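Notes follow once the structure below has been shown.
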Amino acid sequence: MTTPPGSEAAAPQAASPPRSRNKILWLLAPGVAWMVLFLLVPILMMVYVSFWTQTTFKIEPILTTRSWVSFFTSDTYLQALWTTIRIWLTVLAATLVVGYPTALFVGLFVRNKALQTTLLVLCVIPFWTSFLIRVLAWRPMLGKEGAINLILLKAGIITQPIEALLFSDLSVVIGMTQIYCVFMVGPIAFMLGRIDPNVIEAARDLGAGFWRIFRTIILPLSMPGVVVGSIFVSVMVLGEFATSAALSGRKVNLLGNIIVTQVGSLKWAFAAVVGVVLTIVMGAVVAALLRVVDLRKEL
């Protein structure tokens, strides 16, 4: 019986997919092992510890829901949960309002690559200093006799210093917005830089104005960057504790502050409960943001 032409070459190819899959699995193994050991296992351990019995001076591995009941029946801790979500939403909106126009200018209107790089480096320069220094630097700016109040008084815009600029929710939002805005600018500028200028020129030739081009071309193509930047900002803001403590005078109590306080008091079970709640909130936020755009197709 005559063998059809090309059948000799087809047989080895049929056996290659399993070998390719094995190679892919071996390449993925280190990353998967790393994620399991340093992400999944700690989270599971935190969930387990949250059910331990906490006494005044020690913690015992006797399972109980006492710490969970204490969290969800306390107005103080529920208020901290709501404050964390409210501060996160406000900072996310502020970083988007400030970061998107900046990224639009850098990624779309500046076509010189060297100048783009220079502008992005200028955005990153504050990160060359300590995080705590960047936070505390806002105190002399926002204080009752700080630079902002002084400028407003000299300009005649106000007659009395604005006391709400420091040790308030506003001061925390201002500090977090300045610190984390660069994480919104970077991904959006990257996506805007990938837009083909010929597409925008074609839209202009067809009579489209700037706002129509922005609504139908620029905004949809930049959405993956918006989602990535929002994930970066959300994860970092939800886990914050240092900025709120430094700029609010401990008046703004976030979940991160509660964790620090409970760990310092050696109340590991209750700290684990708050950590689990915070992890669930972060997971829900990231999952919701990932549903906006399919990053696997867009990036």
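The values are calculated or read from the model by the stated rules, or taken from the named source; none is laboratory data. This structure is a prediction, so every number in the text was calculated from the model and none was measured. Note that we place each Cβ from the backbone using ideal geometry, even for glycine, and neighbour counts take in every protein chain shown. Note: areas computed on protein heavy atoms with side chains; ligands, DNA, RNA excluded. Shrake-Rupley method; radii C 1.70, N 1.55, O 1.52, S 1.80 Å.
Of the residues in the stretch 94-150, how many are small (Gly, Ala, Ser) and part of a helix (DSSP H, G or I)?
Residues of the stretch 94-150 that are small (Gly, Ala, Ser), as a first pass: 94, 99, 103, 107, 114, 130, 137, 143, 146-147.
Imposing the further condition that a residue be part of a helix (DSSP H, G or I) reduces the set to 94, 99, 103, 107, 114, 147.
Qualifying residue count for the region: 6.
Yes or no, residue by residue, for (1) open to solvent by 90 Å² or more (accessible area, probe 1.4 Å); (2) farther than 12 Å from residue 270 by Cβ:
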{"position": "50", "(1), (2)": "no, no"}
{"position": "59", "(1), (2)": "no, no"}
{"position": "66", "(1), (2)": "yes, no"}
{"position": "87", "(1), (2)": "no, yes"}
{"position": "93", "(1), (2)": "no, yes"}
The stretch 40-59, residues that are within 27 Å of the chain's Cα centre (by Cα), closer than 22 Å to residue 262 by Cα and of a type outside the set (Phe, Trp, Tyr): 41, 42, 43, 44, 45, 46, 47, 49, 50
Pairs, first farther than 23 Å from residue 196 by Cβ and without any contact (Cβ under 8 Å) to a residue 40 or more places away in the chain in the stretch 105-126, second of a type in the set (A, V, I, L, M) and open to solvent by less than 60 Å² (accessible area, probe 1.4 Å), C-beta under 8 Å, six or more apart: none
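Let's see how each residue does on (1) in contact with a strand residue (DSSP E or B) (Cβ under 8 Å, 6 or more places away or on another chain); (2) modelled with pLDDT under 95; (3) under 30 Å from residue 141 (Cα atoms):
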| residue | (1), (2), (3) |
| --- | --- |
| 207 | no, yes, no |
| 245 | no, yes, yes |
| 274 | no, no, no |
| 299 | no, yes, no |
Matching residues in the stretch 21-60 - criterion: being touching a residue at least 60 places away in the same chain (Cβ under 8 Å) and either among the aliphatic types (A, V, I, L, M) or farther than 24 Å from residue 272 by Cα (or both): 43, 46, 47, 49, 59
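Yes/no per residue for (1) open to solvent by 30 Å² or more (accessible area, probe 1.4 Å); (2) within 15 Å of residue 98 (Cα to Cα); (3) among the acidic types (Asp, Glu):
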residue	(1), (2), (3)
180	no, yes, no
188	no, yes, no
195	no, no, no
200	no, no, no
209	yes, no, no
218	no, no, no
223	yes, no, no
Candidates 292, 273 - the one that is touching a residue at least 40 places away in the same chain (Cβ under 8 Å), in contact with a helix residue (DSSP H, G or I) (Cβ under 7 Å, 6 or more places away or on another chain) and open to solvent by less than 60 Å² (accessible area, probe 1.4 Å): 273
Members of the stretch 114-158 that are in contact with a Gly (Cβ under 9 Å, 6 or more places away or on another chain), open to solvent by 40 Å² or more (accessible area, probe 1.4 Å) and among the charged types (D, E, K, R): 139
So residue 97, is it open to solvent by 60 Å² or more (accessible area, probe 1.4 Å) and without any contact (Cβ under 8 Å) to a residue 40 or more places away in the chain: yes
